[in-house]
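Below you'll find the structure, written out as structure tokens, and then a few comments.
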Amino acid sequence: MSFELFVQNVFNSMTVGSLYALIAIGYTMVYGILRFINFAHGDVFMVGAYLIFFAEMLVPWPVAALIAIAGASLLGILVDQTAYRPLREAPRISALISAIGVSFLLENLAVVVFTGLPRPAVQPAWMVRPIAVGGLRVLPLTFLVPLVTAALVMGLLYVVYRTRPGLAMRAISRDIETTRMMGVSINRIIALTFGLGSALAAAAGIMWAMRYPQIHPYMGVFPGFKAFIAAVVGGIGSIRGAVLGGLLLGTVEVMAIAFNPTLSGYRDAFAFVLLIVILIFMPTGLLGEKNKDKI
Amino acid sequence: MEINGVTMRFGGVTAIDDLTISVPKGGITGLIGPNGAGKTTVFNVITGFYKPQKGEVVFEGRRLDGMPSHLICRLGVARTFQNIRLFEQGTVLENVMVGCHVRRSCQWWMAPLALPGFFKEERRIRNKSLDLLDKLNLASIAGHKASSLPYGAQRRLEIARALATEPAFLLLDEPAAGMNPQESSDLMSFIKKIRDEFDLSIFLIEHDMKVVMGVCSQIWVMEYGRLIARGSPAEIKSDPKVIAAYLGAQE
Amino acid sequence: MSAPLAAPAAGPAAGKPLRDGLCTVGLLLAGSFLLRWASGSLNGYQIQLLNLIAINAILALSLNFIYGFSGMFSLGHAGFMAVGAYVSALCILTPAQKATIWFLEPIVAPLATLQTSFFASVMLGGLVAALFSLLIAAPVLRLGGDYLGIATLGFAEIIRVLLTNLVPVTNGAIGLRGIPSHANLFWNYAWLVITLYVILSILKSNFGNVLKSIRDDDIAAKTMGINTTSYRTMAFCVGGFFAGVGGALMGSLITTIEPKMFNFQLTFNILLIVVAGGLGSVTGSVVGSAVITLLLEGLRIVEYPFNIDLDLGLFRVGPVHVPGVPGMRMVIFALVLMFIIIFRRQGLIGTRELSWRALFALPSKIRGLVGRKDPGAGAGG
């Protein structure tokens, strides 16, 4: 293929990969501290997209973005407090089933409230006015997504590794009982984790809506699954792993079809094939840690 | 059973270092040592849960290291666990019947086919399990859920389950843990009884010195993954290295 | 313990086999008379519901076998259903129909003339689904809990993608229409009886104990000489077989299948039935199927407009026109699932089972509850 097309595809990979990475971080953080897959996370992404759609009709775009992120963040915390917290002591499967329930609830509530008709998000003009870069015409959005993602990830890593709440999060993911006994308010830190993860998912939802401006209630399903797979591939529990996994998955998806367009019907299967491969050969993921059974 | 030059490492930690133990047939042999000496790791290596980096485990002429656990059991090696691992949701009887399973010949698909041989085998398993429970004084609570039993009964149930596999070699991991003096002396006669009645070789990890000294004919002592002493109870009691290991550990 | 449901019997039935056997035969006879009456007297909608209850029960039993009894959290059920449905459809569609349906690309040659009886087609559907289970089992079953769920979910999606893309075999995204409708009350309930028989005979035997022990503590089971991998594979494949059977029957019942319908929501419905009925209870799966199927149907009313106008004597509610809200049904459904899992995790039946022994003990239990005054004496048994 031509060089231009190749570079175009590289940019696409980065964009798609960054979005997967942002969502994947939410999954990996929650799994890291609770050992639990938050099935409803992809739907928080969807809610973020709907929030920006409505908010940007009322207020200037930057404010709308903040509202969307804050709203989704609150939703994430609310879901945890009502649907997961009562099941903290229950068998893990119960929480999983509850998560699936929440996911279906959010999707169908969206159908009820917003109807299933896809809504077109308004893309601010400055984002989609192509600029010429060395022979290519690129949307500013294409640069924006990876840059914003990088900034958000940096911010998150700062919180996790340089602040006390972040230290608490890391402690909980090692040994929740001991951390509890150290006097840390577990529920508050868990709420914080959900809040942060959901905020990132909302950011992804906003950028997704800008890039693919068709918003519908089930838009979080596939990106959600794929982001989760990305988290597993990178090593569930590891934030860096989630980012790596997301970028890797985005690249595989875009590049495979770029080189062989006949495979485009199988696009969604790549993620699942990658998942199976990783689970067979490296179940703890690329950057994950082995956990041992104690007899 | 022979354990020859076995070394087991986990990451940077060497749990067992070049260990050589031989357990004679028909005897009751003890394995003691301060906490963290690697005793349970030895059991885990014998039963196939871990594969040692070096060395071999030989039982009745066959190498056990590297074999999957269920085949090791089939060859006649059974064990109990330090932290009791019963099948919590099952009844007492069901726990023991699971132990019988390793010696059956029918396949699962014979169940829907309702072959008479299948039902005969089921009855045999049930009777054998009830019989075993009777011998261990658990028959009266056969229908109770395993998780509802008092601690001592749970330990006996674990032993019953292990005996159901018709072993030649039984590994007991801290059977006297949490028992009062009366219970441990009952346990001592109990161990001797099952050794005689079921024709077993017993290998025993224990912290309770009275039990160890009273029941074992030979004792091996470990510290930090290594063998530091072996011999009869009298020899071990007066061995200065053993005393140092225990007293030192108590500091 | 409330009668007639009792704690599971200790191991293989120690009761009265002859009495139990006669009662079972009696029940089957009564059941078949009931079904004959139903097919004559009830209207089409009600018969459809009865059919759905049977098929959902088969599907719930197959998932319960894998998850409730053997402890494997498999989320790939829709995939096995799809395999069963497609295989069966390919066997019972006539060559003439096949020529018309496959209009984008002609069907693969050997399948064009394939024709079998309905029974054989369902059987084949189950067998091919079991084969897929076997293929998937190898890499996937050694994973624990959550990972197993995700991996099986992944495989179900892969199956769906394959079905959508292998047009000469499956007619792709367009799906298959006009599948001959052989799945009547007789066939559905006959297969339900077969499913119950096979699954109960395995579970009541010591193999059932073994499966439950693997569920409770895999390591201890291995140490007791049980080849846990091979038993989990067996349970997975048996469950897959009956999932294929259920899919095949469903295909013939609704006469139209397309890859899109075998999505996660379908698996979720079955999971809901299993959880609501009681994980680890055969009775629970059957009862749960009836309750949830009727509930799902009953909830349809919220999606259509209706009027409330009640005169309760003292006051009057309405007239109020409630507009139908599409999608509300699934909202309520999801809320029901969450309610069950948070407040009554063990579902309707828990792990208890209906048995003839418990049923016959019922009269004396009731006598005990009613007659005696002191609470301690009448209990137990």
### Task
Mind telling me which of the residues C:Leu52, C:Leu124, C:Leu63, C:Leu90 ends up being touching a Cys at 6+ places or on another chain (Cβ under 7 Å) and crowded, with 18+ Cβ neighbours inside 10 Å?
C:Leu124
### Query
Mind checking whether some residue in region A:140-155 is crowded, with 18+ Cβ neighbours inside 10 Å and modelled with pLDDT under 85?
yes
### Summary
Taking region B:31-75 and keeping residues at the interface with chain C (Cβ under 10 Å from one of its Cβ atoms), in a loop (DSSP other than H, G, I, E, B) and either in contact with an Asp or Glu (Cβ under 8 Å, 6 or more places away or on another chain) or not β-branched (Val, Ile, Thr) (or both) leaves B:Gly48, B:Phe49, B:Pro68, B:Leu75
### Query
Only one of A:Ile176, A:Ile131 is of a type outside the set (Gly, Ala, Ser) and closer than 29 Å to A:Gly288 by Cβ; which?
A:Ile176
### Task
Tell me which of these A:Phe228 doesn't satisfy, since it passes every other one: (1) facing another protein chain (nearest Cβ under 9 Å); (2) surrounded by 24 or more Cβ atoms within 10 Å (Cβ to Cβ); (3) more than 13 Å from the chain's Cα centre (by Cα).
(3)
### Query
If you go through region C:207-219, how many residues are surrounded by fewer than 24 Cβ atoms within 10 Å (Cβ to Cβ) and either at pLDDT 95 or above or over 22 Å from the mean Cα position of the chain (by Cα) (or both)?
4
### Message
It is to be established whether one or more residues within region B:145-157 are part of a helix (DSSP H, G or I) and within 11 Å of another protein chain (Cβ to nearest Cβ).
### Response
yes
## Note on the structure
Within region C:25-45, residues being surrounded by 12 or more Cβ atoms within 10 Å (Cβ to Cβ) and among the polar types (S, T, N, Q) number 2
### Query
From B:Glu197, B:Glu206, which residue is within 30 Å of B:Arg104 (Cβ to Cβ), of a type in the set (Asp, Glu) and not assigned by TED's automatic domain parsing to the domain that holds B:Lys128?
B:Glu197
### Query
Would a scan of region A:81-96 turn up a residue that is away from every other protein chain (no Cβ under 12 Å), under 22 Å from the mean Cα position of the chain (by Cα) and touching a residue at least 24 places away in the same chain (Cβ under 8 Å)?
yes
### Task
Could you tell me whether region B:121-139 includes any residue that is more than 30 Å from C:Leu196 (Cβ to Cβ), in the same structural domain as B:Ile46 (by TED's automatic domain parsing) and among the basic types (Lys, Arg)?
no
### Task
Quick one: which residue in B:Leu71, B:Leu31 is hydrophobic (A, V, I, L, M, F, W, C), under 28 Å from C:Lys204 (Cα atoms), in the same structural domain as B:Ile202 (by TED's automatic domain parsing) and modelled with pLDDT of 85 or more?
B:Leu71
#### Entry: All positions within region B:19-40 that are buried (at least 18 other Cβ atoms within 10 Å of the Cβ) and of a type in the set (Lys, Arg)
B:Lys39
### Summary
Here, helices (runs of 4 or more DSSP H) confined to region B:178-251 with at least 3 residues that are under 22 Å from the mean Cα position of the chain (by Cα) are B:181-198, B:209-215
### Criterion violated by C:Ile107 - all others in (1) assigned to a helix (DSSP H, G or I); (2) in contact (Cβ under 8 Å) with a residue 24 or more places away in the chain satisfied
(1)
### Of all residues making up region B:81-109, the number that are more than 20 Å from the chain's Cα centre (by Cα), of a type outside the set (A, V, I, L, M, F, W, C) and either part of a loop (DSSP other than H, G, I, E, B) or more than 8 Å from chain C (Cβ to nearest Cβ) (or both)
5
### Task
Could you grab me the full set of residues in region B:3-18 that are surrounded by fewer than 16 Cβ atoms within 10 Å (Cβ to Cβ) and part of a strand (DSSP E or B)?
B:Gly5, B:Arg9, B:Phe10, B:Val13, B:Asp18
## Note on the structure
So the helices (runs of 4 or more DSSP H) completely within region C:175-230 holding 3 or more residues that are of a type in the set (D, E, K, R) and within 9 Å of chain B (Cβ to nearest Cβ) are C:206-216
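The values are calculated or read from the model by the stated rules, or taken from the named source; none is laboratory data. All figures in this text were calculated on a predicted structure; none of them were measured in a lab. Using ideal geometry, Cβ is built from the backbone for each residue, glycine included, and neighbour counts are taken over all protein chains shown.
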